[in-house]
Amino acid sequence: MRFALTVAAFTLITTPALAQQSGGMQGMDHSKMGGMNGGDMSKMMAGNPYGQAEMDMHQKMMAAKQGDAAEMWTRKMIEHHRGAVAMSRVAVRDAKDAQTRQMAQMTITKQEKDIAELQAWLSKHGKRPQ
């Protein structure tokens, strides 16, 4: 059941972005379309402590479209690593298993180092850090 809800949430989140990328649905008045409200999304994410971090990461990765392939990859990876940090913080806070909390803390340390390296690449190449 949770898997189906996760897939449904992912589909709802990605469909407009994919349509926008492919040029579909242009000219449509989306304000008149029915959709999910915050309460509906909260119900779908119930029981998933990582849902907000997953959605934030996905949206920020989709929004990172600046520059050539190298810059775009770097910006998307920064958001990907930030998402890993956010999810790891949830695990550190909520996981009952000590080994899981330890791995999550190690992940935070490693991902933050990777983010700093990616940011340094942007700066080195005259790009605005994010």
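All of the numbers you see were taken from the coordinates with simple rules; none came from a lab. Computed from a predicted structure; not experimentally measured. Reconstructed Cβ throughout: ideal geometry from the backbone, glycine too, with neighbour counts over all protein chains shown.
Listed values for the stretch 103-113 are Karplus-derived 3J(HN,Hα) couplings in whole Hz (6.51 cos²θ - 1.76 cosθ + 1.60, θ = phi - 60°), namely 5, 5, 5, 5, 5, 4, 4, 5, 5, 5, 5, and x replaces Gly and Pro. Between Lys124 and Gln105, the contour length at 0.36 nm per residue exceeds the Cα-Cα span by 4.0 nm. Lysine pair count for the stretch 65-130 (Cα-Cα distance under 23 Å; residues 8 or more apart in sequence or on different chains): 12.
Grab the beta carbon distance between Lys113 and Met72, set R0 = 22 Å, and tell me the FRET efficiency rounded to 0.05. For R0 = 22 Å, the calculated efficiency reads 0.55.
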